[in-house]
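The values are calculated or read from the model by the stated rules, or taken from the named source; none is laboratory data. Note that the structure is a prediction, hence the values are computed from the model and not measured. Here the Cβ positions follow ideal geometry from the backbone for every residue, glycine too, while neighbour counts run over all protein chains shown. Each accessible area value is taken on the protein alone, full model and side chains, heavy atoms only, with ligands, DNA and RNA left out. Shrake-Rupley method; radii C 1.70, N 1.55, O 1.52, S 1.80 Å.
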Amino acid sequence: MRVVIAEDGVIVREGVAGMLRRFGHEVVAAVGDADELRAAVREHRPDVVVTDVRMPPGFSDEGLQAAIELRAADPELPVLVLSQYVEQTYAAELLDSGRAAAGVGYLLKERIGEVTEFVDALAAVAAGRTVVDPEVVRQLLSRRRDPLHRLTAREREVLGLMAEGRSNAAIAKTLVVSEAAVAKHINSLLTKLDLPPDAGDHRRVRAVLAYLRG
């Protein structure tokens with residue numbers, strides 16, 4: 001993959017760049033602010049963008065807003081946003097950007113240390129899937145318990161894994177059940193939550209998160 005990285009912290013920026021290069025990816029630009037991010041994307045047309053939420057000059061949400069602007073200009077541009085803390089509003093804003101939220105990810109920075117999982121998440125975003133940090137999912141689930149009370153314990157587990165962007169096969173492997181059982185649980189929980197089944201993983205996750213956001 002050809003990757004543009006935007007992160008104002010030199011150590012983190014170079015660390016992520018080095019990690020991706022070790023996995024065979026090409027880092028076409030590694031920049032330190034939102035304006036440089038916009039310029040780098042225009043120049044290099046990367047396969048995927050990795051950006052921090054908070055960047056110079058204001059250190060509020062410049063990176064996130066740049067990502068949303070870039071996806072407005074090119075809805076097919078995959079973007080993985082990194083955040084120091086869970087910011088539900090930021091996650092929602094990112095998920096609502098672009099074409100059906102395809103190819104977006106929102107992870108906590110601490111996930112960078114989980115090297116293989118981080119690189120896999122980036123590849124999933126580049127492939128058009130949605131990836132949401134497990135901690136974001138946990139908080140969303142804990143904040144909305146109605147009508148989640150209608151779900152069985154197993155259905156809640158499946159819902160959490162769905163929202164993390166897991167495929168049916170990955171869910172089955174995690175829970176040590178068959179894919180047919182996973183499909184049955186998904187159909188059941190979507191019915192209970194009044195969410196129509198959808199063939200696209202990213203659409204499914206977006207629908208679940210939109211419902212949980214209320």
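Against the test of being modelled with pLDDT under 90, open to solvent by 60 Å² or more (accessible area, probe 1.4 Å) and within 26 Å of ARG71 (Cβ to Cβ), the options GLU117, GLU157 yield a single qualifying residue, GLU117.
In the range 12-34, of all residues being free of Cβ contacts under 8 Å to residues at least 12 places away in the same chain and assigned to a helix (DSSP H, G or I), the one that is least open to solvent (accessible area, probe 1.4 Å) corresponds to GLY18.
Considering only the range 72-94, state which residues are open to solvent by less than 40 Å² (accessible area, probe 1.4 Å) and within 15 Å of VAL3 (Cα to Cα).
If we filter the range 72-94 for residues that are open to solvent by less than 40 Å² (accessible area, probe 1.4 Å), which is where we start, we get 77-83, 86, 90-92, 94.
Of everything in the range 72-94, those that are open to solvent by less than 40 Å² (accessible area, probe 1.4 Å) and within 15 Å of VAL3 (Cα to Cα) turn out to be LEU77, PRO78, VAL79, LEU80, VAL81, LEU82.
Pairs linking a residue in the range 91-107 that is over 16 Å from GLY63 (Cβ atoms) and of a type in the set (Lys, Arg) to a residue that is at pLDDT 65 or above and open to solvent by less than 10 Å² (accessible area, probe 1.4 Å), with Cβ atoms under 9 Å and 6 or more positions apart or on different chains, are ARG99/ARG71. The requirement of being under 13 Å from the mean Cα position of the chain (by Cα), at negative phi and not in a helix (DSSP H, G or I) is satisfied by VAL86. The set of residues from the range 1-56 being in contact with a Pro (Cβ under 7 Å, 6 or more places away or on another chain) and basic (Lys, Arg) comprises just one member, ARG2.
So is LEU94 within 23 Å of ALA17 (Cβ to Cβ) and modelled with pLDDT of 85 or more or not? Taking the combined requirement at face value, the residue does not satisfy it.
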